[in-house]
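Structure record follows, encoded as structure tokens.
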Amino acid sequence: MKIQQISLFVENKPGHLAAPAQLLAEEGIDIRSLYLADTQQFGIVRMIVSDGRKAAAILEARGFAVKVTDVLAVEVADHPGGLAGILGVLDGIGINIEYMYAFPYSRDSGAILIFRFADLDEAITRLQTAGINLVTSKELLK
Amino acid sequence: MNATLDAAAVDCHPASLPDFTPLSDLRDLQLQRLQAVVALAYREVELFRNRMNSCGTVPSDIRSLTDLARLPFTTKSDLRDTYPFGLFASPMKDVVRLHASSGTTGKPIVVAYTQKDVDVWTSVLVRCFAGCGLHHGDIMQVAYGYGLFTGGLGAHYGAEGLGATVVPTSGGHADRQIMLMKDFGVTAMCCTPTYFLHLIDRAAELGVDLKTLPLRTGVFGAEPWTESMRAHIEKMSGIEAFDIYGLSEIIGPGVGCECRQHQGLHIFEDHFYPEIVDPETGEPLPDGSEGELVLTTLSKQAMPMIRYRTRDITRILPDPCECGRTLRRIDRIGRRSDDMLIIRGVNVFPSQVESALLQIEGTLPHYQILLTRQQGLDQMEVRVEVTPQMFNDKIGALQFLQSSIQSALDHVLGIRVRVSLVEANSIERSEGKAKRVIDRRTA
């Protein structure tokens, strides 16, 4: 159920995203999704890649501050109300989202929502009880 | 047998015997050597001769150690002004080694050694290492830069003189340093304290637990460091960390070093005579008072140095050390008189920034102070490298870290400081020393 996401500290300056992207490209790592959370001065790059552990090791070896974090992926229909529906369910079961982001998913023209929860195991139980289908890492990286 | 000799017997390394010379004998030796070195400087070096003539004190006026205070000071700019060989007291054919410092402004400063100078240098380093409890059989990794910098070769000769096995890794290549430390069973490390902090962090990333290695001693110097850094180093690596002091102008590393009491650094005053002076007025201060350390070489041949202003702020500890050495001690050097930054009229020392950072994270990230002037007002920015240990995946957590550092600095320094979090390894390092302050204020 859990998806490995790698997060990376970068300064908010021109060119600072290029170096890690180049490193991953050289090692043949495919970036499935990338999301940038930023402030005026620095940012956190969050990525889901074909091989999270390997990508983290490559970046660490070059001195980047990297964290591997477990997140959950939920597939929703890509039409008006798709996001509102799932957020309504989360609200109903009372779990707090630390952060989230979305990206389109080619299969069945759906979208993927990535969620980070403080208590991931509790979230998995409650989401499954509420009948929400969690996308596995294998499906996501297909 | 008197108490000092008993102490010498306990310390037991034969190289350490001169450290326990009875005080009256030591003072006699110092005076005899002082008279000889002042005569040499007067006879062979134009700058010293002119200075002494113009202040009216000539070598024959030196009748006691207190007469030293009648002689003029020598400063770093004297070395620059006489570049390259103007302060040499020996002909080049008798000089066996030249070293030079990486000059921050313009030309480097050059220092010279005769064979006897190299032998003295080696002997004081042997006494440093012996005082740290090292001996024949130790495996010592020297990760100071080898080359023109005095750190690498100085420590190298000292370690060989002690009878240790030397691993001359020089600086850089942290992964290789850690691999060799582990594979060769290194028992002692010599490098800058900042570089060792870097090795601690890197070893953790590589999954190497330094505490499980044979490494038990670290001899760290070439830059000021603090008690809290020592506590951090000792906790993270399981070693005993010693502070060693020196400067190229006097000889290089080995002017002074801690013993196992860790209560100040013994100055090898049979070769280097210490005084403390008021940094403003130059007046000599009594033992116990804080001021600028001034050193006179007592046995140097190629390049004697008379009353050299080190710019290092310390004091001579008035009481004898429990180890029994008769050599006087200086306090650890926390700052230099020229390290002091004046920001909007407030005195700031980089060591204050360091202790504030240590309070926040319990770790010491690399940092740099950047000074600029905007609309006539000094601005101080502290750039802090985000280490893998500090990094958190949530923006809010990083902003909290940033504001905690900010308020700790505001509190310690009493001025408003801007804190920037920057990428790991983005602050330049040279010779293992981090460049702590960049001052872009135009005077």
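The values are calculated or read from the model by the stated rules, or taken from the named source; none is laboratory data. All values derive from a computational prediction rather than experimental measurement. Note: ideal-geometry Cβ built from the backbone for every residue, glycine included; neighbour counts use all protein chains shown.
Taking the criterion of being exposed (fewer than 14 other Cβ atoms within 10 Å of the Cβ) and within 25 Å of A:Pro20 (Cβ to Cβ), the residues of the range B:398-434 that qualify are B:Phe400, B:Glu428. Please determine, by comparing only the residues of the range A:1-19 that are over 27 Å from A:Val74 (Cα atoms), within 12 Å of chain B (Cβ to nearest Cβ) and not hydrophobic (A, V, I, L, M, F, W, C), which one is surrounded by the fewest Cβ atoms within 10 Å (Cβ to Cβ). Looking at the filtered set, the residue picked out is A:Gly15.
Only a single item in (1) within 14 Å of another protein chain (Cβ to nearest Cβ); (2) over 25 Å from the mean Cα position of the chain (by Cα) is not met by B:Gly172, and it is number (2). With respect to the conditions (1) more than 12 Å from the chain's Cα centre (by Cα); (2) buried (at least 20 other Cβ atoms within 10 Å of the Cβ); (3) over 25 Å from B:Glu205 (Cβ atoms), A:Gln128 lacks only one, and its number is (2).
Restricting to the range B:384-429, name every residue that is of a type in the set (Asp, Glu) and either assigned to a helix (DSSP H, G or I) or more than 7 Å from chain A (Cβ to nearest Cβ) (or both). Matches in the range B:384-429: B:Glu385, B:Asp410, B:Glu428.
Among the residues here, B:Thr363 qualifies as modelled with pLDDT under 80, under 28 Å from the mean Cα position of the chain (by Cα), surrounded by 14 or more Cβ atoms within 10 Å (Cβ to Cβ) and within 14 Å of chain A (Cβ to nearest Cβ). Candidates in the range A:51-73 are the residues that are outside any helix (DSSP H, G or I), crowded, with 20+ Cβ neighbours inside 10 Å and under 18 Å from the mean Cα position of the chain (by Cα); of these, the one that is farthest from the other protein chains (Cβ to nearest Cβ) is A:Ala73. When restricted to residues that are surrounded by fewer than 17 Cβ atoms within 10 Å (Cβ to Cβ) and away from chain B (no Cβ under 11 Å), the range A:34-50 contains 2.
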